[in-house]
Each structure stands twice: as C-alpha cells, then as structure tokens.
Amino acid sequence: MSQQELCAIIHPDGLLLEWADTSARYPEASLHFQQDLHRRYHDEPEAWLLTLAFSDPALRLPPSLAYWRDLAASFAERLAHVPDLEDLREEASVDLTDDDMQARLANAPLVTGAEYLSPDLITTIWSSLHNAFRRLITSYDGTVAAFIHAYRPNLQLAGRVFFHLVENNKGDAPFAFLATYSTRMGGDGTSRHLPLKYALQEYGSDRDKLLELLSTVYLAAKESDLLPHILESGEIFHPLGWGPAEAYTFLREVPLYEKSGVLCRIPNWWTAQSAGAKVSVNIGTDAPTFVGMNAILNCVPSLSINGVPISPEEAEQLLRQSEGLALIKNKWVAVDHDKLRQTLEAYEQTRELLEDGELTLREALALQLTPEKLAADAQTDVDIGVSYGEWLQDVTHKLRNPHLVPEVAPANTFRADLRPYQQAGLNWLGFLDALGFGACLADDMGLGKTIQVLAFLSVKKQHNATSLLIVPASLIANWSSEIDKFYPDLAYFIAHPGHLGNTPLADNGEAGLSQYDLVITTYAMAQRYEVLSTFHWDYIILDEAQAIKNPATKQTRAVKQLQAANRIILTGTPVENRLSDLWSLFDFLNPGLLGNLKSFKTFSRKLQDDADGYGRLRQVISPYVLRRLKTDKSIISDLPDKVEMKTFAPLSKKQTVLYRGLLNDIEHILETSEGIQRRGLILSSLTKFKQLCNHPDQFLGTGGFDEKHSGKFQRLREICETVLDKREKMLVFTQFREITDVLHDFLATIFERDGVILHGSVAVKQRKKLVDAFQTRDTYIPFMILSLKAGGVGLNLTEANHVVHFDRWWNPAVENQATDRAFRIGQQKSVVVHKFITQGTIEERIDDMIEDKSRLSSDVIAASDERWITELENDQLMELFSLGLTPH
C-alpha cells in the first residue's frame with residue numbers, strides 16, 4: 001500500500017506544495033510534520049517557511065522538501081548566530097554568499113520544476129524568510145530566544161563571546177588564540193569587541209553577569225577536550241600561543257563551539273578546503289586520436305591533502321610524522337594517519353588500474369557518479385574524485401554554452417528562418433555530431449525543436465545517409481506537414497500501415513530504405529518491422545522520447561536494439577523531473593554514460609545522504625542536454641508574446657469509416673436541395689463533420705469517448721503531460737457545450753486532479769468563483785474547459801500560458817478573442833496557442849483556405865462566421881469535405 005509524501009514543486013511563480021504517491025517510508029514524526037507544514041502553507045502563507053527553517057535538520061523529508069529545508073535551516077542557524085540579535089530584533093540581516101548560492105544550485109535534487117531553479121528564486125525564498133521573521137518578531141512581546149525556541153528548542157543563539165585563531169608568523173608558536181566579547185562599555189551606545197580580559201574589569205565582582213557572559217563557553221566545554229583546561233586555569237582571558245596540536249584540536253571542535261553559541265573566526269584555508277586526503281583522476285587533458293564515446297582518454301591520478309597537491313613520497317613522509325596540522329609547501333594541512341594511509345592505498349590501486357587498462361571517454365565520464373570503483377578494494381570512506389583536463393573541460397564548456405560553438409549553415413533549400421536561439425541549437429547539434437555524442441534537445445514546447453532537427457537533417461543530407469525518426473502516431477501528421485512546408489527537398493518515407501497501403505514494408509528492403517534521407521515510423525511499428533532493426537541508420541531520432549522512460553517495456557527494448565551511428569532525443573518534458581526516467585533516456589542516447597541500471601539504482605539510493613551526488617549527476621548529463629525555457633530572458637526577447645502552433649491529429653479507423661459515410665450523405669444533399677434548405681443542411685453537415693473530428697462518440701451521441709478512437713484526444717494527452725510536468729496551466733476551448741464535461745473528465749485522469757468548466761449555463765456569480773479559483777497560485781488547478789462563446793469575452797485568465805482550440809470556429813477574430821483571455825495585460829509568460837486540425841479532413845482544407853489570402857478574405861469570414869461556406873459551388877464543397885488521408 002503506497003503512502004503520500006509532501007513535495008515542493010518549483011514553478012516560475014515560486015514554490016507549490018502538493019501531495020504525491022510514494023513507495024518511500026517515512027517515520028511518524030516526519031509524516032506529522034509534513035501534514036502540519038501543508039496546513040501552514042495554506043493557512044499561514046507568510047510563515048510556513050519559518051516552520052521549515054526551524055524544523056529538526058535530522059528529520060527525514062522527501063528530497064524536494066529537504067532541499068528547501070536545508071536552505072531555510074541555513075537561514076535559521078545564521079540568524080541565531082547574528083551577534084546582538086536580541087538588540088537588533090527585526091533589524092537583523094543574514095547574507096547568502098555567492099559561493100553558497102552556487103553550491104545550492106549545483107547540488108539541487110532532480111525534482112519537478114528543477115529547471116526553474118535560479119539564483120533569483122533562491123534569493124526570493126531567502127528574502128521571504130527575512131520578511132516573515134521581521135513581521136512576526138515585530139509583534140512578538142517576548143525575547144528573540146523565546147521566539148526561536150518556540151520553533152526549535154535546541155537551537156542555541158549566539159552569545160557575546162568570540163574565539164579567534166590566526167597564523168602567527170612571529171614568535172615560537174605558529175598559531176595565536178584570543179577570546180573576545182562584545183560590549184557597550186565605550187559609553188557611546190555602540191557595540192565594540194574587546195579582549196575577554198576586559199570583562200573581568202567590566203563586571204568586577206558581579207560573578208553572575210560574568211557567568212552569564214560565559215554561558216555559551218561553559219555549554220561548549222561540556223563536550224570539549226580543549227576548553228575545560230583553559231577555563232579552569234583562566235587562560236581563556238589571555239592571548240595564547242599554540243602549537244599545531246592545540247590548533248588542530250581547536251579547529252576540529254569549531255562546529256561544537258558554534259552549535260553552543262560561540263562564534264569563531266578561523267583561517268580561510270580550513271573552511272575553504274575540504275579537510276583530509278583525496279585521490280583525484282584527471283581525465284581528458286589531451287585530445288584523443290579520434291572522437292566519440294569510445295575514444296581512449298589519458299587519465300592521470302593524483303594525491304592531495306586539504307587541496308594541496310602532494311606526491312606519494314610526501315604522503316609517506318607525513319605518515320612518519322605526528323598527526324594534526326603539518327606545514328606543506330607553506331600551507332597548513334590536516335593529517336589523519338588512518339585516512340591518509342587508506343587514501344594512499346586507494347591511489348596506488350587507481351594508478352595500477354589506469355596503467356593496466358585504457359579507459360574510454362564513456363567509462364571515464366561514468367566514473368564521476370561512482371569514482372569509488374577506481375579503488376574497489378579501498379575503504380569506503382576514501383575521498384576519490386574525477387576532474388576534467390584541458391581538452392575535455394573546453395569541450396564540455398562549449399556544450400553547456402552553445403553560443404561558443406562554430407556556426408553551422410542549413411542547406412540553401414531549407415526554407416525556415418531560424419531564430420537566434422534556434423540557430424544556436426543547430427550549431428550545438430552540429431558540434432555534438434562532430435564529436436560523435438548523442439544529443440537531447442529538450443526545449444520548451446513552442447520553441448521549435450522540429451525546425452532545429454530539420455535544419456540539422458538539411459546539413460546531414462549531403463552525406464547521403466538515411467536516418468530514422470520514431471514518433472507517436474499522433475505526430476506523423478505534424479512532421480510531414482513541417483517537412484513539406486520548411487524542407488520539401490528532404491526525401492522521406494512513412495513506415496506505417498496508414499501510409500503503406502497494401503505494400504508490405506519488407507518489399508522495400510534495405511536498398512529501398514537507402515533511397516530516402518529520412519524514414520518516419522512510430523514506437524509501435526518500430527517493434528514490428530524487422531527491416532528497421534537490421535538497417536544501420538545514420539541517426540535515430542526519438543520525438544516525445546519519454547516513450548522509452550521505462551527500461552523494462554518491450555517498446556523500450558526494441559528501440560534500444562536499433563543500430564545507428566548516433567542518436568538524438570526530443571522532449572518537451574524536462575529530463576530533471578524524474579530521476580527514475582533519466583537512466584533509460586541516457587541508456588539510449590549515450591549508452592553506459594550513467595553505468596548499468598543496477599549501479600545507477602545504487603547511486604540513486606545514496607543521494608539522500610550524499611550532498612554532492614546531484615551535482616556530480618548534473619556534471620555528467622548537462623553537456624548532452626540543451627533546454628531553453630520560454631521564461632529565459634534571452635529567449636523571451638527573441639520570441640513573440642504569443643506562439644501559435646498548428647497541431648495536427650490523425651483520424652482513427654472508426655472516424656474514417658464514419659467520415660466516408662458522411663461524405664456520401666453530403667453529396668446527396670447537394671444534389672437534391674437548394675436555397676435556404678441547402679444552406680441549412682450544409683451548416684448542419686459542417687457541425688457533424690466537426691463533431692466527428694473531435695470524437696466519433698460525440699457525433700454518434702453514444703457516450704464512452706474511448707481515447708484510442710480520436711486522434712485529437714491522443715494529441716491532447718501528449719500536450720497535457722508536458723503541461724503537468726512543468727506545472728503550467730491551460731485553457732481548452734470548444735464550441736460544443738455537450739463535450740465540456742467529457743473533456744474535463746479526460747483531462748482530470750491525466751492531471752490527477754479536477755479543473756474547472758465554464759459555459760453558457762454557468763451562472764454569472766459562479767463564474768467569478770471559478771475564475772478566482774483558477775487564477776490562484778496556492779492550489780494547482782491545471783486546466784479550464786470553456787465553450788468558445790461563453791469564454792470568449794470578459795474573462796482574465798492570465799495564469800494560463802497554453803491555449804488549446806480543440807475544435808475550430810473558422811473565424812480568426814472569434815478565436816483570437818478567446819485566446820486573449822490568457823494573452824492580455826497582466827500576462828507575464830509567453831502564451832502557446834495550439835490550434836487542433838484533423839489531418840486530411842475539412843478542418844485542414846478550411847485552414848488552408850483561411851491561410852490563402854488570395855482565395856478568401858479574412859474580412860468576409862469575420863463578417864459571416866461560417867456562412868461563407870454555404871456560398872461555395874457543389875464541386876468546391878465536395879473538395880472541401882473530401883477525405884485526404886487514410887487512418888493511423
């Protein structure tokens with residue numbers, strides 16, 4: 001039995017808390033906390049972050065929530081350590097450093113909305129914590145300590161005593177220790193820092209006040225090895241000269257002191273370097289003799305301690321010295337004999353491994369996730385890392401920054417004008433092609449992934465190689481339409497029963513396939529046509545690549561068995577959303593890069609306790625993923641505010657049979673009627689054709705509405721799945737009141753939550769409540785179904801950034817008026833408009849006529865709605881209604 005966990009979803013407007021099913025098991029305390037936090041999120045929107053900030057850091061939480069808990073807890077701990085916090089109260093301020101910001105961005109978990117994580121969002125959350133604390137403490141009558149302890153009783157506020165440790169270049173002792181305290185003894189009311197010995201003068205015989213001042217020091221002394229002696233002897237009141245041993249003990253106890261409320265000022269080299277010994281393997285210093293994932297790389301192991309490079313001989317010398325701090329190359333380093341000995345053994349194992357065998361680029365990159373494999377016999381806590389050499393660092397830097405790679409020109413016969421970011425995408429694909437690496441083009445929906453791939457294929461065409469494109473059946477029409485429009489010189493063939501007629505694909509053979517630049521098939525057919533699996537393709541391109549996210553399915557296995565020189569995957573769904581899907585996608589794209597499935601699952605299980613694991617994973621995958629968002633400032637400036645897309649859907653077999661029957665009926669009507677009767681019957685038939693293109697059950701009035709019987713329903717699902725993964729919102733317009741409930745129930749199964757419906761029968765007062773509910777950001781209501789006339793005017797629905805015209809009114813003015821419910825003043829997102837068209841039907845024919853300004857004036861359409869159709873001649877009408885394609 002599954003249970004639920006509370007997830008923190010990131011979207012462009014901030015954080016959204018929502019429940020999700022999980023197989024994970026959480027302690028009762030964690031479940032109670034998650035429930036309480038969710039309640040506070042809705043009831044106390046300004047204060048729930050403080051609840052998260054002061055929660056128990058050891059409490060196990062879902063990864064997405066734990067990430068923000070760690071950020072909030074950092075705020076709470078730094079706030080608690082602000083000197084004179086009791087006096088400052090709401091004036092207290094806590095800074096977030098650039099280094100801390102970069103570390104948090106690099107190590108964020110792969111969760112829903114991770115693509116929207118940015119410095120701006122982290123800064124906003126940090127500011128929200130500040131604002132919540134300031135607002136609440138202003139109206140709080142008690143002390144700051146009492147306020148904080150009400151949230152987290154064991155969080156100790158900073159006292160007034162500070163410990164300082166500095167290097168001492170003068171005298172016999174290499175380190176100097178001094179305790180200071182803050183006081184207003186100067187008389188001007190400002191706080192000053194003085195050596196602790198002056199506290200003896202300030203408090204004189206007032207022992208209680210002196211003990212109160214030293215309370216944090218006595219608290220730390222309960223667990224300290226160093227403090228009891230200097231407290232009892234009174235040495236704490238005087239400057240002290242320390243050797244390496246005392247300084248090492250002090251530095252190791254700094255976390256204890258600060259937890260107790262004693263703030264410490266220590267040398268940067270202790271905080272900036274990771275303490276201890278480490279083995280590093282530098283890969284790709286020089287360019288390999290050939291490129292590709294199987295290229296042999298030079299790999300050089302090295303030793304370091306506290307970030308200072310050392311030789312094996314120097315490590316042996318350190319082992320002969322005493323433990324603690326040692327001065328190497330004019331830098332102090334921490335020496336732990338056991339750790340150093342284990343690290344040296346791991347270094348020798350790594351060196352022998354790299355001497356005995358050669359590592360491919362694929363193997364070397366995969367080691368970033370599991371570097372411990374380099375020294376499998378070493379102790380598990382040995383620190384082993386992988387770094388990039390000069391050549392590999394240069395290559396990956398360019399892959400992460402497409403504007404740096406050489407420009408690639410599409411063929412002269414390619415008709416599309418690429419936007420600058422699309423040209424950058426083509427350049428990036430070309431650069432990866434030259435390197436022999438697989439590419440994941442994951443641009444947001446509406447940014448033109450298809451155009452970029454067609455431009456890339458126009459470059460590849462000169463090599464006389466054949467590529468395979470695998471798509472969902474509902475996308476064949478979109479691809480063929482885009483090819484015919486933008487690159488008609490591309491010789492393509494559709495390997496699907498709906499396009500083969502009665503000719504088996506096997507009859508074409510491999511020689512037959514070689515005459516094409518591109519073969520298009522579906523995921524289902526890729527399993528059935530044997531010739532596709534025996535042919536060696538130049539590229540295999542997967543559209544809606546999430547179709548292979550489950551490595552165990554027959555479909556995924558069949559696709560991965562296909563042979564190709566290289567591979568591209570396209571997805572509008574962010575690959576960062578689900579860790580479980582990532583391995584399967586990369587197993588197709590660059591096999592072996594993330595190791596085998598078993599090792600990746602082991603790595604995934606350790607992520608909760610490995611703060612750097614997500615960062616290493618991003619380091620591995622990011623060079624091969626290009627994702628641009630509609631929210632990117634560099635993209636927004638290059639995009640129209642409204643991106644209009646024609647979304648083609650195929651007819652199902654059932655729709656095709658019924659469509660042919662309707663054609664016979666309309667032909668008879670045209671022959672036997674005239675005048676008003678003719679016009680009325682034509683408009684009635686037009687409505688029937690529209691209903692049939694939506695779904696055969698709408699036309700028949702039988703109910704059921706099985707998804708497989710409608711190409712539009714299948715296409716709508718694919719769009720909704722992407723909208724859900726990004727937690728965006730959408731409007732779906734239809735002119736048919738009777739299908740609004742059907743569409744709502746269908747979408748509710750995809751989004752796993754209800755949307756709202758608005759049509760002419762909804763009372764005016766109720767409409768405002770529905771709009772307000774949809775516009776709220778506290779609860780995710782993902783979609784609204786609207787009848788075109790009821791929803792076409794008077795509504796402000798700027799939370800939506802997708803608009804779907806499920807069936808067409810064939811009046812641009814009416815459709816634009818409906819679209820403008822989302823695309824209007826107050827809209828801060830680019831709006832993507834999906835105009836559904838059933839391929840080969842009257843819907844496609846009328847769309848072509850509207851586009852062709854020479855045949856039909858838009859003014860005529862706007863003035864007469866659809867009545868202009870009734871004025872066409874009989875042969876024109878039959879051409880308009882005729883069926884142009886066989887079903888998929």
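The values are calculated or read from the model by the stated rules, or taken from the named source; none is laboratory data. Every value quoted in this text rests on a predicted model; they were computed, and no experiment measured them. Heads up, the Cβs are rebuilt from the backbone with ideal geometry, glycines too, and the neighbour counts pull from every protein chain shown.
Any idea which of Ser205, Ser191 is farther than 30 Å from Thr51 by Cα, within 47 Å of the chain's Cα centre (by Cα) and modelled with pLDDT under 90?
Ser191
In this structure, does Glu674 turn out to be surrounded by fewer than 19 Cβ atoms within 10 Å (Cβ to Cβ) and farther than 24 Å from Ser474 by Cα?
The answer is yes for Glu674.
In segment 87-115, how many are touching a Lys or Arg at 6+ places or on another chain (Cβ under 7 Å) and over 22 Å from Asp610 (Cα atoms)?
Looking only at that region, the number is 2.
Can you go through Ala364, Ala315 and tell me which one is small (Gly, Ala, Ser) and either under 26 Å from Leu392 (Cα atoms) or not assigned by TED's automatic domain parsing to the domain that holds Gly389 (or both)?
Exactly one residue qualifies, and that residue is Ala364.
Tell me, which residue of segment 517-551 that is closer than 29 Å to Pro488 by Cβ and acidic (Asp, Glu) is surrounded by the fewest Cβ atoms within 10 Å (Cβ to Cβ)?
Asp538
Quick one: is Thr350 in contact with a strand residue (DSSP E or B) (Cβ under 7 Å, 6 or more places away or on another chain) and at pLDDT below 90?
Yes, satisfied.
Just one of Thr702, Thr687, Thr722 is within 43 Å of the chain's Cα centre (by Cα), not in a helix (DSSP H, G or I) and not small (Gly, Ala, Ser); which is it?
From the options Thr702, Thr687, Thr722, the qualifying one is Thr702.
Inside segment 737-847, counting only strands (runs of 3 or more DSSP E) that do not spill past its ends, which hold 1 or more residues that are touching a strand residue (DSSP E or B) at 6+ places or on another chain (Cβ under 8 Å) and among the acidic types (Asp, Glu)?
Fully inside segment 737-847 and qualifying: nothing.
Enumerate the helices (runs of 4 or more DSSP H) found wholly within segment 560-662, keeping only those where 2 or more residues are closer than 21 Å to Thr722 by Cβ and not charged (D, E, K, R). Step through it out loud before you land on a result.
On the way: elements: 579-589, 597-606, 613-621, 633-636.
By residue number, 579-589, 633-636.
When segment 466-480 is examined, which residues are found to be modelled with pLDDT of 90 or more, more than 15 Å from Leu542 (Cβ to Cβ) and of a type in the set (Gly, Ala, Ser)?
Within segment 466-480, Ser480 is the sole residue that qualifies.
Among the numbered criteria (1) in contact with a strand residue (DSSP E or B) (Cβ under 8 Å, 6 or more places away or on another chain); (2) surrounded by fewer than 19 Cβ atoms within 10 Å (Cβ to Cβ); (3) in a helix (DSSP H, G or I), which one does Arg25 miss?
So Arg25 meets the others, but not (3).
Is segment 445-468 home to any residue that is among the charged types (D, E, K, R), outside the structural domain of Ala649 (by TED's automatic domain parsing) and more than 29 Å from the chain's Cα centre (by Cα)?
Checked segment 445-468: at least one residue is among the charged types (D, E, K, R), outside the structural domain of Ala649 (by TED's automatic domain parsing) and more than 29 Å from the chain's Cα centre (by Cα).
Of the conditions (1) touching a residue at least 12 places away in the same chain (Cβ under 8 Å); (2) not in a helix (DSSP H, G or I), Asn412 clears all except one; give me its number.
For Asn412, the failing item is (1).
Scan segment 25-41 and give yes if some residue there is closer than 17 Å to Trp126 by Cβ and either in the same structural domain as Ser118 (by TED's automatic domain parsing) or of a type in the set (A, V, I, L, M) (or both), otherwise no.
Checking segment 25-41: not a single residue is closer than 17 Å to Trp126 by Cβ and either in the same structural domain as Ser118 (by TED's automatic domain parsing) or of a type in the set (A, V, I, L, M) (or both).
Can you pull out the residues in segment 150-167 that are under 36 Å from the mean Cα position of the chain (by Cα), in contact (Cβ under 8 Å) with a residue 40 or more places away in the chain and in a loop (DSSP other than H, G, I, E, B)?
Selection gives Arg152, Leu155.
Hey, any hits in segment 300-307 for a residue that's in a strand (DSSP E or B), hydrophobic (A, V, I, L, M, F, W, C), surrounded by 17 or more Cβ atoms within 10 Å (Cβ to Cβ) and assigned by TED's automatic domain parsing to the domain that holds Glu372?
So the first thing to find is which residues in segment 300-307 are in a strand (DSSP E or B), and the list is 300-305.
Among the residues that remain, those that are also hydrophobic (A, V, I, L, M, F, W, C) are: 300, 303, 305.
With the extra rule that they be surrounded by 17 or more Cβ atoms within 10 Å (Cβ to Cβ), the set shrinks to 303, 305.
This time we only want the ones that are assigned by TED's automatic domain parsing to the domain that holds Glu372, so: 303, 305.
Looking through segment 300-307, at least one residue is in a strand (DSSP E or B), hydrophobic (A, V, I, L, M, F, W, C), surrounded by 17 or more Cβ atoms within 10 Å (Cβ to Cβ) and assigned by TED's automatic domain parsing to the domain that holds Glu372.
Take the residues in segment 354-380 that are over 28 Å from Gly436 (Cα atoms) and either out of contact with any strand residue (DSSP E or B) (no Cβ under 8 Å at 6 or more places or on another chain) or assigned to a loop (DSSP other than H, G, I, E, B) (or both); name whichever of them is modelled with the highest pLDDT. If you could, list the steps in order and put the result at the bottom.
Residues of segment 354-380 over 28 Å from Gly436 (Cα atoms): 375-380.
Going one step further and asking which of them are either out of contact with any strand residue (DSSP E or B) (no Cβ under 8 Å at 6 or more places or on another chain) or assigned to a loop (DSSP other than H, G, I, E, B) (or both), we end up with 376-380.
Values: Ala376: 69, Asp377: 66, Ala378: 61, Gln379: 60, Thr380: 61.
If we take residues in segment 354-380 being over 28 Å from Gly436 (Cα atoms) and either out of contact with any strand residue (DSSP E or B) (no Cβ under 8 Å at 6 or more places or on another chain) or assigned to a loop (DSSP other than H, G, I, E, B) (or both), then Ala376 is modelled with the highest pLDDT.
Is it fair to say Phe648 is over 28 Å from Asp70 (Cβ atoms), among the aromatic types (Phe, Trp, Tyr) and in contact (Cβ under 8 Å) with a residue 40 or more places away in the chain? Lay out the reasoning, then the answer.
Numbers: over 28 Å from Asp70 (Cβ atoms): yes; among the aromatic types (Phe, Trp, Tyr): yes; in contact (Cβ under 8 Å) with a residue 40 or more places away in the chain: yes.
Spelling it out, Phe648 is indeed over 28 Å from Asp70 (Cβ atoms), among the aromatic types (Phe, Trp, Tyr) and in contact (Cβ under 8 Å) with a residue 40 or more places away in the chain.
Take the conditions surrounded by 13 or more Cβ atoms within 10 Å (Cβ to Cβ) and within 28 Å of Ile310 (Cβ to Cβ) and apply them to Thr285. Does it pass?
Yes.
Does Leu79 meet the test of being part of a helix (DSSP H, G or I) and free of Cβ contacts under 8 Å to residues at least 12 places away in the same chain?
no
State whether the residues of segment 380-393 include one that is over 29 Å from the mean Cα position of the chain (by Cα), surrounded by fewer than 18 Cβ atoms within 10 Å (Cβ to Cβ), among the hydroxyl-bearing types (Ser, Thr, Tyr) and farther than 30 Å from Pro244 by Cα.
No, that holds for no residue.
Let's see how each residue does on (1) assigned to a helix (DSSP H, G or I); (2) surrounded by 13 or more Cβ atoms within 10 Å (Cβ to Cβ); (3) on the phi > 0 side of the Ramachandran plot; (4) in contact (Cβ under 8 Å) with a residue 60 or more places away in the chain:
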residue	(1), (2), (3), (4)
Asp100	yes, yes, no, no
Leu110	no, yes, no, yes
Asp120	yes, no, no, no
Ser128	yes, yes, no, yes
Gly142	no, no, no, no
Ile148	yes, yes, no, yes
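In segment 579-613, what residues are more than 20 Å from Thr360 (Cβ to Cβ) and buried (at least 17 other Cβ atoms within 10 Å of the Cβ)?
Leu579, Asp581, Leu582, Ser584, Leu585, Ser604, Leu607, Gly613
Against the conditions (1) farther than 30 Å from Tyr614 by Cβ; (2) part of a helix (DSSP H, G or I), where does Gly171 fall short? Just the number, please.
Result: Gly171 fails condition (2) only.
What do you reckon, is Phe736 of a type outside the set (A, V, I, L, M), modelled with pLDDT of 90 or more and over 18 Å from Glu718 (Cα atoms)?
Taking the combined requirement at face value, the residue satisfies it.
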